[in-house]
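Below is one structure; the comments refer to it alone.
All of the numbers you see were taken from the coordinates with simple rules; none came from a lab. Values in this document were obtained by computation on a predicted structure and should not be read as measured data. Methodologically, a virtual Cβ is constructed for each residue, glycine included, from the backbone with ideal geometry; neighbour enumeration extends over all protein chains shown.
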Amino acid sequence: MATSQASPAETGEYTHRQILTIFSGLMLGMFLGALDQTIVSTSIRTIADDLQGLSVQAWVTTAYLITATVTTPIYGKLGDLYGRKKLFMFAISVFIVGSALCSMASSMYQLAAFRAVQGIGAGGLFTLVLAIIGDIVSPRERARYSGYFMAMFGTSSVLGPVIGGFLAGQTVLLGISGWRWVFLVNVPIGIVALIVVYRTLHIHPVRHGVIRIDWWGAVALVVGLVPLLIVAEEGREWGWDSTRSMTAYVVGVVGLVAFVLIERAMGEAALIPLKLFRIRAAAITIVASVVVGTAMFGGIMILPLYMQIVHGASPTESGFLMLPMVVGMMTGSIVSGRIISKTGRIRGFPIFGSALIVIGLFALSFTSADTALKVVAVPMVVLGLGLGNCMQPLLLIVQSAVPASNIGVATSSATFFRQIGGTLGVAVFLSVLFSTVGANIADHIREDAQTAAWQQVARDADPNSVDGQVLASLAGQVGPDGGVLAKVQNDSSIIDQMHPVLAHPFKAGFADSMDLVFRLAALVGLLAFLVLLWMPKVELRATSASVAARAQAGGTPVAPAAPADQAG
């Protein structure tokens, strides 16, 4: 008599070929979110100019960031309860709708509202992909596949600025304003991703106990995070001790306290179960995610500014100039993944990675306006290697440390706290950059003004030219509110219009302030290194989360994790 064989969706066990087929859909979804982040950042100034809202462009970023961050743990919890395929398709669909709406915006405030819709979808793209990978591949084997996703990230990091720069530079393309294609390009990619995910992703959820949704926790999280994220983005303009900022602090703290109390009361049904913090490996991973996110996003955010302001690179060129760091990330992730897969040892990789992050950022703090780009590329590679050795191993650790039924919550929590750290890092480091750059530029102007080259340019400058206006402003004849020093902080493109001799002190001033940011980021990276030294040895789960969950639900034994002498 023929015996029927259970399908992978029923057993949770997949062949290498089946995994690669599923990965094709997951990578398309992840590519959608990764590409959007880089393509919009390149073209936002052009968009703001066209919609006549340069002064409020920060709200476009803030709206997206708020909804994407707040929905991340919600997607993680709902995925654990109801399964991830439909939820993933919902996230992609919302992202497509949000992208289409963004392309039709007629004002910056309208664009901000539509970016908020887009962020609701984006919150599920990364966290659900990472959780689905945990469902179908064991942590030890998962390291083998990290290269595919690092290649995807690398491709989007390069393609985003190139495509964004090209589209933003087109006045009209196929009868539509060029910048609107920045959002429209997501629509066909998203539709293809939906089709591929629908046809290839077959995972049946394993439900545990009584299903309750922590709606009050979600509301408290929104109340706690929204004002804090807004003040993180707007505090530099408002003033960190202004009435609006202080109000945001108070409301945010009240919301977060309420969130903790609600999570304690909800127990297992909590959006972010507090029991995760009682698991040492998970707690340290979450803390490290915040700190690494602060150093990573804060440091990486400065590099494109350094390329564009100090070295005069276009947004498109700066995308290519980031390649050394991207190559470092891919190399670090692939090499660490192969070693983890073969040995089962993992504890040392994030520790080693955080040390490389410190070294890379500290080396970058010695760059100046006169440092050759080929020299800058060396610490960028080191920084990329450090990030590659941190990101994937930290995720594998937290997914192995928690019960299989909580893998979505654990994944979303690590992602959520890394985003919070990144938001904090960007806000603080940008504040440091712009609060110090004026004084640094002034110091360099005083030095350069004594040189023969500066004096020659000053004698030859046409009073009606950019150089003439800059010199007049510096002499106090124009610009009572800081003149050109204030202007370059709002629109650095004026530096590229100056004579190289006049532009040099401006570039040097920005480079000095960026060096300070790199040093601060290195100190944060050092804190991550010290935190990770407390990481206990972790045994990587030898089965996928779906297999382990089915075994737990059915009471059958699961395959053992890596032996203790191989774990770490």
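Close amide-amide hydrogen proximity is noted between L173 and G178, each under 5 Å apart and 5 or more residues distant or on a separate chain (H modeled in the peptide plane; Pro and chain starts excluded).
Taking the Cα centre of the range 233-319 as origin and assigning +1 to Lys and Arg Cβ atoms and -1 to Asp and Glu Cβ atoms, the resulting dipole is close to 440 debye.
Enumerate the lysines that K537 could reach by cross-link, defined here as Cα to Cα under 18 Å, with residues fewer than 8 away along the same chain left out. Counting by Cα, and skipping residues close in sequence, K537 has these lysines nearby: K342. Close amide H pairs (under 5 Å, H built 1.01 Å from N) link R347 with V538, G568, residues at least 5 positions away or on another chain.
Descending by average beta-carbon neighbour count within 10 Å, the peptides 226-237, 413-424 line up as 413-424, 226-237, the highest first.
Ranked from highest to lowest mean number of other Cβ atoms within 10 Å per residue, what is the order of the peptides 80-92, 360-372?
With the highest mean Cβ count within 10 Å placed first, the list reads 80-92, 360-372.
Given R₀ = 45 Å, what would the calculated FRET efficiency be for E268 paired with D50, taking r from the Cβ atoms and rounding to 0.05? Efficiency, rounded to the nearest 0.05: 0.35.
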